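**Q** Submitted below is the structure of interest, expressed as structure tokens.
Read-outs: derived from the displayed coordinates by stated rules, not from any lab. Predicted model only: the values in this text are computed from it and were never measured. With ideal geometry, Cβ positions are generated from the backbone for all residues, glycine too; neighbour counts draw on all protein chains shown.
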Amino acid sequence: MASRAVWKGQIRISLVSIPVEVHSATQTGARVSFRQIHGPSGKRVNYEKTVAGIGKIKTDEILKGYELGDDEYLLLQPEEIDAIRLETKRTFELVQFVDASEISPLYYDKPYYVIPTDELAEDAYRVVRDALRQSGKVGLGQLTMRGREYLCSIRPCGDGLLMETLHYADEIKSADPLFASIEDEPADKELLAVATQLIERKTAPFDARAFTDHYDAALRELIESKRKNRKTPRVTSGDKGTSKGTNVVDLMEALRQSLKTDEAAKKKPRSSGSRSRKSA
């Protein structure tokens with residue numbers, strides 16, 4: 001399946017602009033996932049918006065509530081939130097450059113591949129890539145996308161560039177309360193020497209393929225063995241026509257009920273009062 005760009009625009013460094021596309025560097029569905037099935041009926045389990053003491057509610061009745069404390073919430077209207085959403089900008093300007101080692105791994109969030117949109121952009125793209133590679137720097141800037149503003153970094157990655165969203169400072173928890181009980185004293189020299197030798201002995205180039213998700217592998221093996229076993233319970237949910245969501249189901253049921261009501265109204269004999277009004 002072809003990769004779809006999540007953002008299209010240009011990277012700007014001073015007066016230089018490079019048309020690029022941004023693609024997610026990770027893929028969903030790489031791990032085994034399950035659907036919840038109602039055992040007795042074999043149908044998928046749906047989730048509906050409900051309120052205690054009221055039951056099912058309409059989506060347009062839901063507001064955003066900011067918790068003030070003591071179970072008190074400040075209510076915001078959808079249009080109030082929409083009014084402050086930022087327009088998606090088509091320019092990602094790199095405003096600062098720092099040494100790659102200066103950014104703690106704590107700040108990195110999600111990776112994206114950045115590619116030039118056409119051959120004309122490739123020359124400038126390579127210049128920026130090689131300049132970052134040679135200087136050992138990482139470019140920083142803010143990207144507006146999906147109504148939000150993201151802090152992002154740009155660094156070389158293989159033959160291209162990698163953009164990573166970063167957490168803002170107020171999103172990072174302080175480690176002091178957790179590390180406070182650890183004494184800030186040097187470790188035993190002999191133990192430190194042994195640990196250092198062990199680290200050096202096991203040092204090797206990083207290769208993610210050397211590591212396997214054993215739980216995921218075991219799940220796949222279990223599923224495959226169950227698939228081959230004809231005695232494994234199977235169900236057909238019959239939900240193919242309703243995969244677009246519960247709204248489709250509700251609409252179809254409402255239409256069916258409307259038809260039944262309309263047919264019942266046609267079959268019902270008119271009252272004498274109705275006939276007298278008609279003749280009058």
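**Q** Enter the Cα centre distance for the pair segment 66-131 and segment 22-60, rounded to the nearest angstrom.
**A** First find each Cα centre; the distance between them is then 29 Å.
**Q** Another question about this same structure. Relative contact order for segment 1-152: what percent, with Cα pairs under 8 Å and sequence separation of 6 or more?
**A** Numbers: 186 pairs, mean separation 43.7, N = 152.
Value for segment 1-152: 29 percent.
**Q** Further question: Pairs of alpha-carbon atoms within less than 8 angstrom and 6+ residues apart define the contacts here; what relative contact order does segment 106-207 have, in percent?
**A** Details: 92 pairs, mean separation 28.0, N = 102.
Reported as a whole number, the value is 27 percent.
**Q** Now for a separate question. Starting from segment 1-70, pick out the GluC sites (Glu not before Pro) whose DSSP state is loop and whose Cβ has at most 15 other Cβ atoms within 10 Å.
**A** Numbers: sites: 21, 48, 61, 67; in loops: 48.
Passing both the DSSP loop test and the Cβ count: 48.
**Q** Go ahead and run the numbers for FRET between residue 196 and residue 108, Cβ-Cβ distance against an R0 of 22 Å, rounding to 0.05. Mind dumping the intermediate values first?
**A** Working: r = 27 Å, r/R0 = 1.23.
Calculated value: 0.20.
**Q** FRET efficiency for residue 15 and residue 64, Cβ-Cβ distance as r, R0 = 41 Å, nearest 0.05?
**A** Numbers: r = 41 Å, r/R0 = 1.01.
Working from the Cβ atoms, E equals 0.50.
**Q** Hey, another quick one. Between their Cα atoms, which of 43/173; 64/89; 110/231; 43/231; 43/110 are more than 31 Å away from each other? Intermediate values should be presented prior to the final figure.
**A** Details: 43/173 42 Å; 64/89 26 Å; 110/231 43 Å; 43/231 20 Å; 43/110 35 Å.
Table pairs above 31 Å Cα-Cα are 43/173; 110/231; 43/110.
**Q** Still on this model: Where in segment 173-196 does the label zone of residue 26 land, with the point 7 angstrom along Cα→C-beta and an amide N cut-off under 12 Å?
**A** Backbone N within reach: none found.
**Q** Once both labels are modelled 7 Å past Cα along the beta-carbon direction, what's the residue 179-residue 100 spacing in nm?
**A** 2.3
**Q** A further question on this structure: List the chymotrypsin sites (Phe, Trp or Tyr not before Pro) in segment 34-72 that DSSP assigns to loop (not H, G, I, E or B) and whose Cβ has at most 12 other Cβ atoms within 10 Å. Which are they? Each step should come with its number before you reach the end.
**A** Values: sites: 34, 47, 66; in loops: 34, 47.
Sites meeting the loop and neighbour criteria: 34, 47.
**Q** When the dipole is taken about the Cα centre of segment 189-239, and only Lys, Arg (+1) and Asp, Glu (-1) are charged at their Cβ, what size is it in debye, to the nearest 20?
**A** Values: 11 positive and 8 negative charges, 91 e Å.
So the dipole magnitude of segment 189-239 works out to roughly 440 debye.
**Q** Sticking with this one: If I stretch the segment between residue 117 and residue 211 completely, what's the gain in nm (0.36 nm per residue apart, minus their alpha carbon distance), one decimal? Walk me through the intermediate numbers first.
**A** Numbers: separation 94, 0.36 × 94 = 33.84 nm, distance 3.40 nm.
Extra length available between residue 117 and residue 211 comes to 30.4 nm.
**Q** Could you calculate the contour length gain from residue 49 to residue 224, that is, 0.36 nm times the residue separation minus the distance between their Cα atoms, to one decimal place in nm?
**A** Working: separation 175, 0.36 × 175 = 63.00 nm, distance 3.57 nm.
Full extension of this stretch gives 59.4 nm more.
**Q** Would you work out the relative contact order for segment 38-121, in percent, from Cα pairs under 8 angstrom that are 6 or more residues apart? The partial results should precede the final answer.
**A** Values: 29 pairs, mean separation 9.3, N = 84.
Taking the mean separation of contacting Cα pairs over the length of segment 38-121, I get 11 percent.
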